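Scroll down for the structure; my scribbles are underneath it.
The values are calculated or read from the model by the stated rules, or taken from the named source; none is laboratory data. In this text, all values refer to a predicted model and were calculated from it rather than measured experimentally. Backbone-built Cβ (ideal geometry, glycine too); neighbour counts: all protein chains shown.
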Amino acid sequence: MSVRNAARWSPPVFARDEGDYFDWEILLKLARGLGGGPTGLAPIDRAIAIAGWLGLSWSPQLMLEFLLRTGRWGDAYLPWRRGLSLRKLRASPNGIDLGPLEPGIGHRIEHRDKRVHLEAGPVLDAWNRLNQTMKKAQTNTLVLIGRRDVRSNNSWMHNIEALARGAERCVLLVNPRDAARVGVSDGETALLESRVYRGEVRVKTTDDMALGVVSLPHGWGHSKSAPWQRVAGSRPGVSANDWTDDTVVESVVGQSVLNGVAVSLSRVTHEGDNEPIKTVTTRNNDIDLLE
């Protein structure tokens, strides 16, 4: 959203109390406890550690000072240059205008044709595998996707009475043809089941959903996660995470698949169908019973 190059120093809004730590101090202690340092580059972190033993402690301000003064707009630690330094930046509470934006990505593209290549092999291979998987999918299998609710903003608005009023919003959106196929009507409670979990959900039929796709909003399920929230606890809803299959990961970067989870939908036939599915998994030669 910027239209100009600019630099500005933003000091902490509040002074810390005695015994408090800044976030960077906590993270630095964790990094050093794990054998690292502030930069993640072993030789530099070792040099910083040695400097600390000599009484020269590292801080983000020192790093920022170094980056400012050795960067394009800096004074290079030369007293006769008029470039940036942390002292000059602090003396300009409204920031310093460095001029209009300039093209900055062309020289970073290393392809000979100087174009961004979108046809990455691993991504295309994964796309082809996805197409084959979709073709082999059973006709009675649905895919569960998430959604945001405009009055929720994830979940932290669920405990605000004025925003929690009105119709129930933690409902499963289902295409009317999918609902008719399994014998579930609008407003009824149905049984949603994945490999790892089965639970009851309220159904709302809508043509906005594509055939074979159902949707639950994320951020609900307060009865288990936040029983101390009076308003949210009175409208607990269900947690879409319960149906997420922990064994299914995206093939390119290995990220858990949180959208497109294979599920089935059916009518509630008897009590007890809303209990989690018990599965046995083997991990490091130990058998864990997951409920």
Counting only residues that are at pLDDT below 85, surrounded by 12 or more Cβ atoms within 10 Å (Cβ to Cβ) and β-branched (V, I, T), give me the strands (runs of 3 or more DSSP E) lying completely in region 185-291 with at least 2 of them. 279-283
If a residue has to be at pLDDT 90 or above and surrounded by 10 or more Cβ atoms within 10 Å (Cβ to Cβ) to count, how many in region 5-19 make the cut? 5
Among the residues of region 227-251, the number that are under 17 Å from the mean Cα position of the chain (by Cα) and either free of Cβ contacts under 8 Å to residues at least 24 places away in the same chain or farther than 17 Å from L144 by Cα (or both) is 3
Right, T70: among the hydroxyl-bearing types (S, T, Y) and either out of contact with any helix residue (DSSP H, G or I) (no Cβ under 9 Å at 6 or more places or on another chain) or not assigned by TED's automatic domain parsing to the domain that holds P12 (or both) or not? yes
So in region 19-78, with the set limited to residues that are aliphatic (A, V, I, L, M), assigned to a helix (DSSP H, G or I) and in contact with a Gly (Cβ under 7 Å, 6 or more places away or on another chain), which one is farthest from E102 (Cα to Cα)? A49
